[in-house]
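Scroll down for the structure; my scribbles are underneath it.
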Amino acid sequence: MAYSRYISALFGLFVGVFFAASCAQAAPYAAMVMDARSGDVLHSRNADTRLHPASLTKMMTLYIAFEAVRLGEISMDSMVTISQNAAAEPPSKLGLRAGQQIRLRYLVRAAAVRSANDAATAIGEAIEGSEAAFSRRMNRTAEALGMTRTTFRNAHGLTQEGHLSTARDMTILGRRMVYDYPQYYNLFSRLSTDAGVATVRNTNRAFLAAYQGADGIKTGYTRAAGFNLVASAERNNVRVIATVFGGQSTAWRNQRVMELLDMGFARAPARAELQLAGFPVYAGGSASGPSNDYAGGPAARTLRPSGIVTRSLVPQPRPSRTSPPSETLLAAIDEAVQEALAAPVAPAAAASPPTTEAVRVDAAPSPELASAPATELAPEEALLPSQRPVELAAALLENALPERPEIVTRATSSGERLFAISLGRYPTQNTAERLLLQTALSETVLQQALRHVTQRQGGFEAQFAGMTEDEANRACARLIARDMACMVVGP
């Protein structure tokens, strides 16, 4: 009897453990596929169900880090002191120690590539002073981006009550990461990178290697969330983003995302207008700076970016000579005038007719001309003007106006004058071409411009050509406001 009760209890325990494990593995599934160019949804399933995002959270952490760099709050070379709170975060982690100092760029790399929790917490604390304040900023940014069903409680994504998002919101965030900060997006495609204290490997390297055109962006896993992934791929200028929540394993998740991307490429049109919303605009603020508070949190710091040029600087024209004529020039002019007055004036009838070589004869000459003797047709001796005095010629050359600088004009075959903008010179052609592509993705006015790389002394110059003057000035002003080098080049 006792033996039977022991068997029954053991069986009940086994069933309970099996059921709990099954529930843990069977996290709710949600998915979405989006045409990244237009933002059109191509497929969705449970896309608005609030679920645990896991390390997909770090996309928002990094988005705010890039925003803070753009606004001048911090730089990629700023030294960050690691707190005890950040150092104590559980894996995955970079292995930072409390009191250690490390540049922000290495924390960003570790969070993007290795999905390091200690690095993500350190980023939030460096920007806002504490993880709680950074979480308020995360929520404020999510609201401005249209992520209406997302609530953040931390910077890393470990399971915490109320820390929830949806497949739709994370797809929106992934799209904004691609187009708002293309200069940093390449981080998510690196298979490995230097994180300052160690070389870290990408948690998404299997998917990046397996799917054609894949270039990011972020994985996530916790027991409560399952295996999550937001992935982006581009083929033939068509970019698709797919999101999966609640995958059963890494392999299952990757396979499902590949199927969703295939579906997206099959449904997305070959051509679609790139629709960009610009940087987020916050309540009580603007796209260029934060509002006065973060959802009731502490007051935001005042941003005063330095060195931003608000208009194109046009060089002033070279001043003309204003000195009075020399005595030599005045004397030479007076002498020339006197000689001209003293010279005899020839009568109008004495003017010689044009020579036969200069006149085309289409008809027979008149009888009067035909019967006239040859001596009457010969022109009289030409009256030549007297030679200009040597002193006058020298004086004119001495006081001539300075040459105007040569102006190089870009023109089409039809003669239309076009403008261009230069983004500077770079050590390799690939660097220049990549910068042009990334800039074109982020600036609507440059979508139709011609990308051109020219090898010059000192490197490869990256240019957008084929624009009107207004387009060139407008594009350059936007790039300069983003702390990018830009110069208008035109006729």
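The values are calculated or read from the model by the stated rules, or taken from the named source; none is laboratory data. The shown structure was predicted, so the numbers you read here are calculated from the model rather than taken from an experiment. Note that each Cβ is placed from the backbone with ideal geometry, even for glycine, and that neighbours are counted across all protein chains shown.
A few notes on this one:
- Single residue of region 70-89 satisfying the filter (out of contact with any helix residue (DSSP H, G or I) (no Cβ under 8 Å at 6 or more places or on another chain) and assigned to a helix (DSSP H, G or I)) that is modelled with the lowest pLDDT: ARG70
- Condition check for LEU436: touching a strand residue (DSSP E or B) at 6+ places or on another chain (Cβ under 6 Å) and at pLDDT 55 or above: yes
- Contact map, region 31-54: residues that are among the aromatic types (Phe, Trp, Tyr) paired with residues that are in a loop (DSSP other than H, G, I, E, B), Cβ distance under 7 Å, separation 6+ or inter-chain. No pairs are found.
- Residue in region 201-208 that is assigned to a strand (DSSP E or B) and either farther than 28 Å from LEU423 by Cβ or in the same structural domain as MET32 (by TED's automatic domain parsing) (or both) present: yes
- Residue match in region 167-185 (condition: of a type in the set (A, V, I, L, M), crowded, with 18+ Cβ neighbours inside 10 Å and assigned to a loop (DSSP other than H, G, I, E, B)): no
- The residue that is farthest from LEU435 (Cα to Cα), among those in region 144-192 that are touching a residue at least 12 places away in the same chain (Cβ under 8 Å) and acidic (Asp, Glu), is ASP169.
- Here region 59-80 is the region considered, the condition is being over 19 Å from the mean Cα position of the chain (by Cα) and without any contact (Cβ under 8 Å) to a residue 40 or more places away in the chain, and the residue that is nearest to ILE102 (Cα to Cα) is MET79.
- Restricting attention to region 240-287, the residues being free of Cβ contacts under 8 Å to residues at least 40 places away in the same chain and of a type in the set (Phe, Trp, Tyr) number 2.
- Filtered by the rule that a residue be under 24 Å from the mean Cα position of the chain (by Cα) and either surrounded by fewer than 24 Cβ atoms within 10 Å (Cβ to Cβ) or of a type in the set (Phe, Trp, Tyr) (or both), region 37-58 gives ARG37, SER38, GLY39, ASP40.
- Residue list for region 449-491, restricted to those being among the charged types (D, E, K, R) and in contact (Cβ under 8 Å) with a residue 24 or more places away in the chain: ARG456, GLU461, GLU469, GLU471, ARG474, ARG478, ARG482, ASP483
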